[in-house]
Structures are given as C-alpha cells and as structure tokens.
Amino acid sequence: MDDERLMERMETGIPGYDELLGGGFFKGSVNAVIGGSGTGKTAFGGEFIYNGVKEGKTGMIVLTSEEAEYIKREWYTSFGWDFWKLEEEGKVIFVDIADPSLRLQKTVEISPDELIKSFKKLLESKIKNVNPDLIFIDSLEAIFLAIESRYRLKSMVDDVFGVLRRAPATCIVTSGTIYGVDEIIAYSSDSITNLGMVRVGNNLQRSVHVVKHRGSATINQVRVLQLSDDGIAVLSQSPYLEF
Ligand SMILES: Nc1ncnc2c1ncn2[C@@H]1O[C@H](COP(=O)(O)OP(=O)(O)OP(=O)(O)O)[C@@H](O)[C@H]1O
Ligand SMILES: [Mg+2]
C-alpha cells in the first residue's frame, strides 16, 4: 500500500452522518454530495468545514457560482456560523472564482475547456499554498455544465478529481442534478450522498442516503436530514413516515 492515508478514517462530525458512512470518510478521499436545488448541499459542506475547523483542521472552500461574501452572510443568518472570524484567524480560506483578481470569470470570452483548465491550475496552486486538511467545492456542475460531449466531460471530471486525490485533503464536492452532470461526478467519486426532498401528506422533509462508499459498509437507509439553527444533522428516522 503506497498511500496509507486512504486506510485511515476521518469523521465528519455531522451528527448521524458518520454512522451512515460506516465510520466517516477515508482521509484524502473525494466525496460527492448530490441533490436538487434547495436540498441542503451548501449547508452540508459548510457544516463539514465548520466542524473540522472547530477541531483544529484547516479548511478551503471553493465557490464556483456564488460570491464568498454572500455565502458567509447566508451561513451567519442561517446557522450563526461566523466564517469572517474563521477566515481572519487563518483557519479557513475562500476561493471565489468570480473574484476578479483570479481572472477566472465565467464569461462568454473564455471557452468551457479553458475555464476548466484554469480552474484545475487554480486548485493545484491554492492546494499547494494553503495545504488544507479539508476542501469543500460548491458546486461542480456549474463548471462542467457547458461541456457537451459526455466523453470529454468524464475525462475532465477525472482530471479535476486527480488534482484533489493527489492532495492530502479530504474533500466534499457538490453537484446539482442538472443535465446529468451529477451522474458523471458520482461515478468518479469515492462516496456518493444523495440529498432530496420528500413529501408525505402535507409535510415536506429533507432526506439523505448514502448510495456508495468505496471500501466501506454503509447503512442502506433513507433518513431525515434536519436543518435547524444548530446546523445540519442526520436523524435516525425515515422521512417517509406520516406524523
Ligand atoms: N436555521 C434554519 N433552520 C431550518 N432551515 C434553514 C435554516 N437556515 C436555512 N435553512 C434552509 O436551508 C436551505 C439551504 O439549503 P442550501 O442552500 O444548503 O441548499 P442547496 O442544495 O445548496 O441549494 P442551491 O440549489 O440553491 O445551491 C434553505 O432553503 C433554507 O430555508
Ligand atoms: Mg447551494
């Protein structure tokens, strides 16, 4: 075994989630969190970074379609997480690809292929400079949406995942369920967690289940994903029960 890291586990600290994963992620792995709009993907990744940072880890948050200031504000009003402070203390860095200083704007002048190449280079250099323990990329479909050929899409996703796998960090990447990009991202990932919204009678519940976790047993059950002032938690109950 040339990479011992991949045998060690890293608990996410998200209540109830490590149990679903059979004991947390493997260190250095790339894990996909997939779901439709509003299912809780961004909050999920935020909780992963916030918990890790509380335990002394360093986090890197890469935003492809929303501005860092906007997300920080949203997380503060939603869950009381003060990412301004964590950033000031050097525990978290935000990489916001809309930031003009990175010259990586998604404009019509830059081809999708060029954008992905620059994104890959940016990731490589930021990982080298920051050397984070945890990486959260939100969201990948925004970057890959414009690649029409499925074959090219798969090889480009694998290229970006290669950069992440060579890093010591444990990663969460999110994808929306738009134009099938999520399926390609899922195939390349070490684990897949699906988030959804379930309607039972007149009630809406967020759901979470683990579809795969390479190298590990998982709990094959759909559970409730709870969002509250305390952040994200996976409850032991099923969302399919009328109450
Ligand atoms: N304190 C809270 N208690 C309960 N729900 C909350 C709380 N704060 C925020 N929310 C809900 O969490 C949801 C945020 O979900 P999130 O942005 O993580 O979803 P997403 O899957 O990333 O969506 P998008 O497709 O927009 O990227 C919002 O719909 C909001 O109503
Ligand atoms: Mg989001």
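The values are calculated or read from the model by the stated rules, or taken from the named source; none is laboratory data. Computed from a prediction, not measured in an experiment: that's the story for all the values here. We place every Cβ from the backbone using ideal geometry, glycine too, and count neighbours over all the protein chains shown.
Some points to look at:
- Residue match in segment 194-202 (condition: modelled with pLDDT under 95, among the small types (Gly, Ala, Ser) and within 30 Å of GLY56 (Cβ to Cβ)): no
- Looking only at residues of segment 30-65 that are assigned to a loop (DSSP other than H, G, I, E, B) and within 13 Å of ligand 1 (Cβ to nearest atom), we find that the one that is nearest to GLY231 (Cα to Cα) is GLY40.
Residue-by-condition table, conditions (1) within 16 Å of ligand 2 (Cβ to nearest atom); (2) at negative phi; (3) at pLDDT below 95; (4) out of contact with any His (no Cβ under 8 Å at 6 or more places or on another chain):
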residue: ASP2; (1), (2), (3), (4): no, yes, yes, yes
residue: ARG5; (1), (2), (3), (4): no, yes, yes, yes
residue: GLY24; (1), (2), (3), (4): no, no, no, yes
residue: TRP81; (1), (2), (3), (4): yes, yes, no, yes
residue: PRO100; (1), (2), (3), (4): no, yes, yes, yes
residue: SER111; (1), (2), (3), (4): no, yes, yes, yes
residue: ILE116; (1), (2), (3), (4): no, yes, yes, yes
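- Count - residues of segment 13-23 that are surrounded by fewer than 21 Cβ atoms within 10 Å (Cβ to Cβ) and assigned to a loop (DSSP other than H, G, I, E, B): 5
- Subset of segment 39-85 [more than 17 Å from ILE137 (Cα to Cα), surrounded by fewer than 19 Cβ atoms within 10 Å (Cβ to Cβ) and of a type outside the set (Ser, Thr, Tyr)]: LYS54, GLU55, GLY56, ARG73, PHE79, GLY80, ASP82, TRP84, LYS85
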